[in-house]
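What follows is a short report on a single structure.
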Amino acid sequence: MILVTKPYLPDIKAYQQYVEKIWASGWITNNGALVQELEAKLQDTLQVPNCIFLNNGTIALQIAIQALDIQGEIITTPFSYVATTSTILWEKCTPVFADIEPDTLCIDPNEIEALITDRTSAIMATHVFGNPCDVEALEQIAQKHQLKIIYDAAHAFGVTYKGQSILTYGDISTLSFHATKLFHTVEGGAMICKDSAVFHKAEYMRRFGHDGPYAFHGVGVNGKNSEFHAAMGLCVLKDYAFVLNARRKICERYDTQLAGTSLQFLSIRKDTSFNYAYYPIIFKDEATLLKTMAALEAADIFPRRYFYPALNTLDYLDKKVDCPVAERVAQCILCLPLYVGLETSSVDYISQIIKDHL
Ligand code: T4K
């Protein structure tokens with residue numbers, strides 16, 4: 001069976017060495033030594049300031065909304081994982097959907113200004129599949145209308161744009177370190193804060209607002225992660241160059257095998273150093289996607305419809321708006337299997353089944 005992804009598992013001995021350290025110290029969570037080591041190493045590797053390691057990427061979005069005091073309407077993308085919309089609702093804000101660019105699949109800055117009202121306080125945009133948003137255009141709009149920007153960078157680990165980490169754009173960028181991500185800590189996430197005052201506020205929020213055992217610095221939540229998760233992160237981080245290279249080779253093989261077909265591929269923004277987080281293909285229509293997917297599943301190959309449905313069509317939303325580009329993409333897109341260890345022969349086999357059904 002070939003699934004859309006398979007978590008990367010580092011050398012078990014390397015992990016065991018960390019486990020022995022944890023046993024020796026007796027300290028297993030609450031800002032332990034390995035959590036601090038991982039945060040320092042992430043800042044160094046990614047060349048970012050103010051990194052807070054958290055227990056998942058969803059809580060990172062929730063804390064980001066709270067730390068920036070965002071209320072009212074948030075202009076957001078209809079094409080992302082459901083957490084991008086559900087966190088806005090969870091925080092009692094209103095998502096307002098701006099359609100996406102048909103080639104990069106990121107929010108279209110040209111669609112945003114017409115949606116701004118006196119209740120708009122922020123833009124929450126996803127660097128979808130690791131492809132950077134048009135950060136310069138978004139920055140200009142945000143400055144003009146005094147809006148905050150949160151980037152859901154769940155897929156954008158290690159991506160640079162114009163030579164700089166994509167995570168340094170906006171007020172806050174959030175990451176997911178879920179097992180299915182190219183860098184992971186089993187469960188986990190992080191936030192990168194541009195401003196150090198916001199960083200300190202968010203850091204208190206991660207630990208119930210505790211300021212020592214008996215004092216509290218504002219309302220907080222439990223966003224902490226453990227020494228065991230940090231240990232996994234330290235092991236995976238050490239192998240990151242290997243992971244990236246293996247994924248790059250698989251993507252390049254798909255590129256070669258699927259070249260010249262009617263499929264649309266993700267158009268990576270110029271000046272980007274990409275991370276090969278996903279391999280999406282867009283079919284000319286949903287019927288062709290469904291037919292191809294059935295053929296793949298019959299061969300025990302399970303790609304996934306990331307992301308379906310378009311988030312503006314979620315049935316629990318109060319107000320329905322049309323986002324024709326996102327809705328068409330959501331109906332026609334399929335993410336192909338991509339993980340360290342996927343054989344070249346499997347990539348060729350998957351590609352052949354797809355070509356046979358176009
Ligand atoms: N923002 C964005 C843009 C995101 O994509 C996400 C998460 C978030 C925010 C929120 O971050 P977190 O709170 O999750 O940190 C998966 C992941 O659970 C989710 O983290 C991810 N995005 C989303 C895109 O994909 P599912 O429902 O597809 O997961 P699941 O369990 O179906 O697994 C996918 C495939 O991986 C399956 O074929 C099975 C395989 N798998 C999975 C696990 C967990 C394994 O082989 N082993 C495993 O241990 O959501």
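Computed values, structure above
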quantity	calculated
Exposure proxy order (Cβ contacts within 10 Å, fewest to most) of Asp99, Asp118	Asp118, Asp99
The chain - Cys residues lacking any other Cys C-beta under 4.7 Å	Cys51, Cys93, Cys193, Cys235, Cys251, Cys323, Cys332, Cys335
Inter-label distance for Val221 and Ala179, nm, one decimal - labels placed 7 Å from Cα along Cα-to-Cβ	2.3
Net length gained if the chain between Glu136 and Leu89 were fully extended (0.36 nm per residue, minus Cα distance)	14.2 nm
Förster radius 25 Å - calculated FRET efficiency between Lys291 and Val186 (Cβ-Cβ, nearest 0.05)	0.10
Sites Lys162 and Ser25 - FRET efficiency at Förster radius 45 Å, r taken between beta-carbons, to 0.05	0.60
Förster radius 45 Å - calculated FRET efficiency between Ser346 and Arg119 (Cβ-Cβ, nearest 0.05)	0.35
Gain on full stretching of the segment that runs from Met1 to Lys41 - 0.36 nm per residue minus C-alpha separation	10.8 nm
Label zone at Lys320 (point 7 Å along Cα-to-Cβ), backbone N below 20 Å, segment 100-131	100
Separation in nanometres of the label points that stand 7 Å from Cα toward Cβ, at Ala259 and Ile12	4.1
Whole-angstrom gap from segment 145-170 to segment 1-67, using each part's C-alpha centre	20
Full-extension gain in nm, Asn245 to Asp69, via 0.36 nm per residue minus C-alpha separation	59.4 nm
Within the chain, helix-based [θ] at 222 nm, where runs of 4 or more DSSP H residues each add -39,500 (n - 2.57), nearest 500	-12000 deg cm²/dmol
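Only the coordinates and a few stated rules stand behind these numbers; no lab work does. Worth saying up front: this structure is predicted, and the values here are computed from it rather than measured. With ideal geometry, Cβ positions are generated from the backbone for all residues, glycine too; neighbour counts draw on all protein chains shown.
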